[in-house]
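Report on the following structure.
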Amino acid sequence: MSAEAVKTTQPGEVPVTPDKAARGRAARRRSTHIALNIALSIGALTMIIPFLWMIVTSLKSPADLAQFPPSLLPKDWVWSNYPEALKAAPFHIYFRNSFIISAGHTMITLALGAMAGYSLARIPFRGREIVFMSFVAMLMIPTYTKIVPQFLLVKFMPFFGGNDVFGQGGTGWLNTWWALIIPGGLSASAIFLFRQFYLSLPKELEEAARLDGLGEFRIFAQIYTPLIKPALATVGLLTFQESWNNFLWPLLVTTRDDLRVIQVGLAVFRQLDGTSWNYLMAGTTLATLPMVLLFLFCQRYFVQGFANAGIK
Amino acid sequence: MTTTKPAAGLRTAGAAAKESPRKPTPARSKQHPQGNKKLRRAGWLMVTPSILHIGLWTALPVIATFVLSFTNYNVFDAPRWIGFENYIEVWNDPTFRKATWNTVVYTFWTVPVSMAIAVVIAVMLNQKMRFQTWYRAAFFLPQVTATVAIAMVWLWIFNPQQGLLNAALSVVGIPGKSWLADPDWALWAVILVGVWQGIGMKMLIYIAALQNIDESLYEAASIDGASSIRKFFSITLPMLKPATFFVFVISVIGAFQVFDQVYVLTDGGPANATTMMTYEVYRSAFQNFRMGMASAQSVFLFAFLLVMTLASRRLTRGEDG
């Protein structure tokens, strides 16, 4: 299949008898094109089917669910599964919490990450290389190599949740918005990406701006940052997505239902009510929907982000 | 919490830092003695909040993990120094050995299989065609959705009584199984989900890399009469080598940290058939409250990843030179 794909992009052979060869080539190209589309459709369908199955299941009645083999479409479209699922578990609260946290992470990342990236890319100061290399080293750290102390830091945060100055006696940031928003607010990879984007801009702008007497912060905020708007969108979207989908950290630091994020809410709902697959799939659909929509509308930025994170 | 992008830094950072044109030159500082001081201050001011954040939430925890790994610590009592005891226990623990083996098997299958599928799809999509954006979106969709949600859907698909998979198999006359409860099959079910979800990102990176390949290479090969298959193996694949290295490293790092789908699909079972290194870290720390033990396990995980990254780096370098 792949070999044929290469062929269709590279029709560069020298024709023998122009007429016949051209016709044969066109026919062959058409047939490879059809084969290609069939293969891609099958592949794409394999990707989509679980999502379709999720939506179909979320609209089935319990009697319908119990059937084997299952019906491909619901017998009755039970839209009331959604309000019922919301009654069974406060998915709207989980939804709100996930949104607040993702938005918080995105704002912190955009503000701090862009500033740091700009500074590392464009402002010469002593120690800059060391700071940058340290950030790069931090990129390599797996989540699981920092999760235990991160949890302990949150638990022993002084002066919070009844803790004294040494972090003893209370619960610290556990079960608070602080724990959900602050530790995951910034990642070294965002700083790294921002630095790459700022590096790609011309130097003349800053020199001109400095001659005009603009302060460094204004050069950053008013001259350079508007030039990397697509990069802001990319990093923002990736941050939002990652934080919306994050599971382990909110699982560790929250136990209260009103602070639960949607991914943890789903897992808990399944443990409590493991057999109501229609409600569970309704909840899963709700958890999936924002990211799918965000992706479909902003596909360009996602694609750009991964391309940029990859090869440069 | 980012875990997927480290290799970007790994591969490009060194080069970028060396190329960085913005070193303060003496001539410059003579020209603007005051401006330079202002500049330095501005630079530090803008980077300091990030240094504090990364320092507190990444650098300090990493150091703490190493220190804690030599202690016995249950959160409630003060940590007690016990030297290498945790490491000895990790080394001899059959469950952790099983987890390490499972992680390696999971990585060994998910990474190459999804990479192979991704490169084929990327090549197929790398041309003008209708619905290209839609195809690309379909393959990428599992990547943007939460692993927990995806695992929930697969849990339902794998359901032995009413699941879609057994229904589909019964159509072809193959008897169904309880995939996730069968020790022989559970890991394969987890691997299948990993492959299915992992294709999208690898495909995108490959598409980006394919667009950088010089068209004239293919034209020259065509004039020499090379077949399409020959062109794929002699031009496309070699030209994709840097991308392949990058994809490989980030995929291995990602695969070694598989957790969410195990948590939802199997809870590490049946009989530890699907437990992973990350899952053991989680269990030690947050179910058994053995923080020192969990730290030792996570150091082990980190060392494993580090060795693999360096080894694959040396491997690709060796081929170049």
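The values are calculated or read from the model by the stated rules, or taken from the named source; none is laboratory data. Please read these numbers as outputs of a predicted model, since none were measured by experiment. With ideal geometry, Cβ positions are generated from the backbone for all residues, glycine too; neighbour counts draw on all protein chains shown.
Just to be sure I understand the filter: pairs with C-beta atoms under 7 Å, separated by 6 or more residues or on different chains, first member in the range A:7-34 and more than 16 Å from residue B:223 (Cβ to Cβ), second member at pLDDT below 75 and of a type outside the set (Ser, Thr, Tyr). Which pairs pass? Filtered contacts from the range A:7-34: A:22/A:15; A:29/A:11; A:32/A:4; A:32/A:7. From the list A:287, A:233, A:282, A:221, the lone residue that is on the phi < 0 side of the Ramachandran plot and touching a Cys at 6+ places or on another chain (Cβ under 9 Å) is A:233. For residue A:127, the criteria (1) farther than 27 Å from residue A:250 by Cα; (2) in contact with a Phe, Trp or Tyr (Cβ under 9 Å, 6 or more places away or on another chain); (3) surrounded by 15 or more Cβ atoms within 10 Å (Cβ to Cβ) hold in every case but one, which is (3).
When you scan the range A:56-73, how many residues do you find that are of a type in the set (A, V, I, L, M, F, W, C) and crowded, with 16+ Cβ neighbours inside 10 Å? Before you say what the answer is, go through the steps one by one.
Restricting attention to the range A:56-73, the residues satisfying the condition of being of a type in the set (A, V, I, L, M, F, W, C) are A:56, A:59, A:63, A:65-66, A:68, A:72-73.
Retained after the next criterion (residues that are crowded, with 16+ Cβ neighbours inside 10 Å): A:56, A:59, A:65.
Adding up the residues that qualify gives 3.
Consider residue A:64 carefully, then state whether it is in a helix (DSSP H, G or I), out of contact with any Leu (no Cβ under 8 Å at 6 or more places or on another chain) and not assigned by TED's automatic domain parsing to the domain that holds residue A:243. Outline the logic, then answer.
Values: in a helix (DSSP H, G or I): yes; out of contact with any Leu (no Cβ under 8 Å at 6 or more places or on another chain): yes; not assigned by TED's automatic domain parsing to the domain that holds residue A:243: yes.
Considered against the rule, which asks whether it is in a helix (DSSP H, G or I), out of contact with any Leu (no Cβ under 8 Å at 6 or more places or on another chain) and not assigned by TED's automatic domain parsing to the domain that holds residue A:243, residue A:64 comes out as yes.
For the range B:127-163, enumerate the residues that are part of a loop (DSSP other than H, G, I, E, B) and either at the interface with another protein chain (Cβ under 7 Å from one of its Cβ atoms) or closer than 25 Å to residue A:74 by Cβ (or both). The answer is B:127, B:145, B:146, B:158, B:159, B:160, B:161, B:162, B:163.
State the number of residues belonging to the range B:266-281 that are surrounded by 22 or more Cβ atoms within 10 Å (Cβ to Cβ), out of contact with any Gly (no Cβ under 9 Å at 6 or more places or on another chain) and within 11 Å of chain A (Cβ to nearest Cβ). So that I can check it myself, show each step before the final result.
First pass over the range B:266-281, keeping only residues surrounded by 22 or more Cβ atoms within 10 Å (Cβ to Cβ): B:266, B:268, B:274-281.
In the following step, the residues that additionally are out of contact with any Gly (no Cβ under 9 Å at 6 or more places or on another chain) were identified as B:266, B:268, B:277-278, B:281.
From the residues that got through so far, the ones that are within 11 Å of chain A (Cβ to nearest Cβ) too are B:277-278, B:281.
Total meeting the criteria: 3.
Limited to the range B:167-181, what total is found for residues that are facing another protein chain (nearest Cβ under 8 Å) and surrounded by 14 or more Cβ atoms within 10 Å (Cβ to Cβ)? Matching residues across the range B:167-181 total 1. When the residues of the range A:114-146 are filtered to those that are more than 7 Å from chain B (Cβ to nearest Cβ) and touching a residue at least 24 places away in the same chain (Cβ under 8 Å), the one that is nearest to residue B:301 (Cα to Cα) is A:117. Among the residues making up the range B:180-228, those that are under 30 Å from residue B:152 (Cβ atoms) and not in a helix (DSSP H, G or I) are B:180, B:181, B:182, B:183, B:184, B:185.
Every test in (1) assigned by TED's automatic domain parsing to the domain that holds residue B:281; (2) surrounded by 15 or more Cβ atoms within 10 Å (Cβ to Cβ) is passed by residue B:69 save one, and that test is (1).
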